[in-house]
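Asker: Questions regarding the structure given below will be posed in turn.
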Amino acid sequence: KTAAGREYKVKDMSQADFGRLEIELAEGAKITGSLHMTIQTAVLIETLTALGAEVRWCSCNIFSTQDHAAAAIARDSAAVFAWKGETLQEYWWCTERALDWGPTGGPDLIVDDGGDATLLIHEGVKAEEVYEKTGQLPDPSSTDNAEFQIVLTIIRDGLKADPKKYTRMKERLVGVSEETTTGVKRLYQMQANGTLLFPAINVNDSVTKSKFDNLYGCRHSLPDGLMRATDVMIAGKVAVVCGYGDVGKGCAAALKQAGARVIVTEIDPICALQALMEGLQVLTLEDVVSEADIFVTTTGNKDIIMVNHMRKMKNNAIVCNIGHFDNEIDMLGLENYPGVKRITIKPQTDRWVFPETNTGIIVLAEGRLMNLGCATGHPSFVMSCSFTNQVIAQLELWKEKATGKYEKKVYVLPKHLDEKVAALHLGKLGANLTKLTKDQADYISVPIEGPYKPPHYRY
Ligand code: NAD
Ligand code: SAH
């Protein structure tokens, strides 16, 4: 009998929690994902579908799709709109298609990376409100940001046919779980402005995400991207890492390990001091621009490496970004530099030659994420940590959809779940975790079964 006195004879009662999770998702969650359509993401998608969800997917980057992963998922598991080498127009078309669940409304849940699906809905709702009040359509020429012009054009073109599409979508939406630092930043900004339209779970700031994926993931996939794109010998080179946050730390460690002399640029004195403690130099880009061989941006900020820096670099210096958008590197300034010549060595590896000096620099993935554009992103083990958090976040939002637990705010997952994600990954690596005695647990004031650290602990 169960604790409630219910009779049963089943094979394995320890499967009840798993069954409950599957039943909950089987109630028909429709999930739209906007996240690099890679092999690792394919496993995430199939986990969500195995739990009972229906899924539509697009990539969150024009170069990051692995076409064989996209094809397998499209054939076997979910609707997919993604291929390697989309134009920006195609990219936003894919995002719109992934959000389009037909006349009944949009998705119940979103998995976002960088916040583009979330952005399209927010901009769509904004435009629909203006249209309802004033009859005015969004005007793409109101911005000089070429990508935002495309977003406004897509919204404008759909508005007349269906002036309530995004409003219906936001009303139906239970919430979003966001993968990355920059996407999370956008969500907190919306929360602060009071414009966030649905609850959000910040997956990035699970310790088992940002302190693993951003750090060890980039430590693996930065050199992978560099080598696949250029076959450069890293040993002996001078490498500059702009930004020494989680991503920068992983990149600097990889470059140092490979034998490069690493120089860091930072704006934050704490991160700068961390770099110094690791034996790295901290300088400005101007200090080193003409002596370094490899430049990597990891800041999530804009205007880090400008065309005037690039002009002063050594012949065949490599310039790449593993942070967020292509505006960390001044691609616009480079493209518009008078007389500059672009020679495509192979897809996502371009040599740009300046007319005055006839010397060139090598830019990877057109200034977009080089680890996903020139290589295959992070490997499966570390993505498993990230995506376990994603699945937990999706289940949590879905489970609480009717309870009001989550308001239109940004939440992080509780620490016991973070510890659980880590615990689930220990066995594979042969770890044998020490168990606290009751006495020890009391002595350091933690429960035997965790959580083991207070929320302010920094790892
Ligand atoms: P973070 O906040 O930990 O690190 C960014 C660092 O850049 C900070 O220390 C900040 O002080 C510094 N910085 C900001 N402006 C600067 C400037 N002008 N010059 C020098 N340094 C500057 O963030 P993170 O988690 O390391 O993520 C960084 C970016 O990488 C984000 O955009 C994130 O979305 C992205 N990301 C990419 C991958 C990938 O696989 N390519 C993985 C994880 C995160
Ligand atoms: N829209 C942005 C997104 C930043 S991508 C852009 O592409 O411009 C940064 C995220 O990529 C990281 O948070 C990491 O979790 C994810 N990532 C890295 N390798 C991956 C892989 N192999 N598959 C799926 N996602 C990956």
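Just so you know, all these numbers are worked out from the coordinates, no wet-lab data involved. Remember, it's a predicted structure, so these values are computed and weren't measured experimentally. So basically every Cβ, Gly included, is an ideal-geometry build from the backbone, and we count neighbours across all protein chains shown.
Asker: Please work out which residue is nearest to the chain's Cα centre (by Cα), limiting yourself to the stretch 354-392 and to residues that are within 22 Å of Pro414 (Cα to Cα) and away from ligand 2 (no atom under 13 Å from the Cβ).
Answerer: Result: Val391.
Asker: Within the stretch 102-111, can you find the residues that are within 13 Å of Cys58 (Cβ to Cβ) and either surrounded by fewer than 20 Cβ atoms within 10 Å (Cβ to Cβ) or in contact with a Lys or Arg (Cβ under 9 Å, 6 or more places away or on another chain) (or both)?
Answerer: Pro107, the sole residue that qualifies.
Asker: Also, I was wondering about something else. Please state which one of Ile73, Ile62 is touching a Phe, Trp or Tyr at 6+ places or on another chain (Cβ under 8 Å), in contact (Cβ under 8 Å) with a residue 60 or more places away in the chain and either within 14 Å of ligand 2 (Cβ to nearest atom) or not hydrophobic (A, V, I, L, M, F, W, C) (or both). Talk me through it step by step, then tell me what you get.
Answerer: Values: Ile73 fails: in contact (Cβ under 8 Å) with a residue 60 or more places away in the chain.
None of the others qualify; the one that does is Ile62.
Asker: Need a quick list: strands (runs of 3 or more DSSP E) entirely within the stretch 317-426 having at least 2 residues that are more than 16 Å from ligand 1 (Cβ to nearest atom), free of Cβ contacts under 8 Å to residues at least 12 places away in the same chain and on the phi > 0 side of the Ramachandran plot.
Answerer: Where strands (runs of 3 or more DSSP E) fall fully within the stretch 317-426, none carries at least 2 residues being more than 16 Å from ligand 1 (Cβ to nearest atom), free of Cβ contacts under 8 Å to residues at least 12 places away in the same chain and on the phi > 0 side of the Ramachandran plot.
Asker: Related question: What number of residues within the stretch 251-284 are away from ligand 2 (no atom under 16 Å from the Cβ), assigned to a helix (DSSP H, G or I) and in contact with a helix residue (DSSP H, G or I) (Cβ under 6 Å, 6 or more places away or on another chain)?
Answerer: Going through the stretch 251-284, the residues away from ligand 2 (no atom under 16 Å from the Cβ) turn out to be 252-253, 255-284.
Keeping just the survivors that are assigned to a helix (DSSP H, G or I) gives 252-253, 255-257, 269-277.
When the remaining residues are screened for being in contact with a helix residue (DSSP H, G or I) (Cβ under 6 Å, 6 or more places away or on another chain), the result is 253.
Counting residues in the stretch 251-284 that are away from ligand 2 (no atom under 16 Å from the Cβ), assigned to a helix (DSSP H, G or I) and in contact with a helix residue (DSSP H, G or I) (Cβ under 6 Å, 6 or more places away or on another chain) gives 1.
Asker: Something else: Under the condition of being crowded, with 24+ Cβ neighbours inside 10 Å and among the β-branched types (Val, Ile, Thr), which residue from the stretch 223-247 is farthest from Pro379 (Cα to Cα)?
Answerer: Only one residue fits best here, namely Val240.
Asker: Looking at the stretch 396-432 only, could you name the residues that are basic (Lys, Arg), under 19 Å from Leu48 (Cβ atoms) and in contact with a helix residue (DSSP H, G or I) (Cβ under 7 Å, 6 or more places away or on another chain)?
Answerer: Passing the criteria: only Lys399.
Asker: Same structure again: Looking at Ser221, Ser210, can you tell me which residue is free of Cβ contacts under 8 Å to residues at least 40 places away in the same chain, part of a helix (DSSP H, G or I), closer than 18 Å to Leu35 by Cβ and within 10 Å of ligand 1 (Cβ to nearest atom)?
Answerer: So the residue among Ser221, Ser210 that is free of Cβ contacts under 8 Å to residues at least 40 places away in the same chain, part of a helix (DSSP H, G or I), closer than 18 Å to Leu35 by Cβ and within 10 Å of ligand 1 (Cβ to nearest atom) is Ser210.
Asker: Quick one: how many residues across the stretch 259-291 are surrounded by 15 or more Cβ atoms within 10 Å (Cβ to Cβ), of a type in the set (Gly, Ala, Ser) and over 16 Å from Asp246 (Cβ atoms)?
Answerer: 1
Asker: Does any residue in the stretch 433-452 that is farther than 23 Å from Leu413 by Cα come within less than 6 Å, Cβ to Cβ, of a residue that is assigned to a loop (DSSP other than H, G, I, E, B) six or more places away or on a different chain, and which pairs are these?
Answerer: Leu436/Ile448; Ala441/Ile448
Asker: Against the condition touching a Gly at 6+ places or on another chain (Cβ under 7 Å), buried (at least 18 other Cβ atoms within 10 Å of the Cβ) and part of a loop (DSSP other than H, G, I, E, B), how does Gly114 come out, does it pass?
Answerer: Working: touching a Gly at 6+ places or on another chain (Cβ under 7 Å): yes; buried (at least 18 other Cβ atoms within 10 Å of the Cβ): yes; part of a loop (DSSP other than H, G, I, E, B): yes.
Taking the combined requirement at face value, the residue satisfies it.
Asker: Condition first: buried (at least 18 other Cβ atoms within 10 Å of the Cβ) and more than 22 Å from the chain's Cα centre (by Cα). Now tell me which residues in the stretch 402-421 satisfy that.
Answerer: Across the stretch 402-421, the qualifying residue is only Tyr406.
Asker: Is it the case that Ser141 is hydroxyl-bearing (Ser, Thr, Tyr) and either assigned to a strand (DSSP E or B) or within 16 Å of ligand 2 (Cβ to nearest atom) (or both)?
Answerer: Against the criterion (hydroxyl-bearing (Ser, Thr, Tyr) and either assigned to a strand (DSSP E or B) or within 16 Å of ligand 2 (Cβ to nearest atom) (or both)), Ser141 does not qualify.
Asker: Which condition from (1) acidic (Asp, Glu); (2) within 16 Å of ligand 2 (Cβ to nearest atom); (3) closer than 27 Å to Ala235 by Cβ is the one that Asp287 breaks?
Answerer: Condition (2) is where Asp287 drops out.
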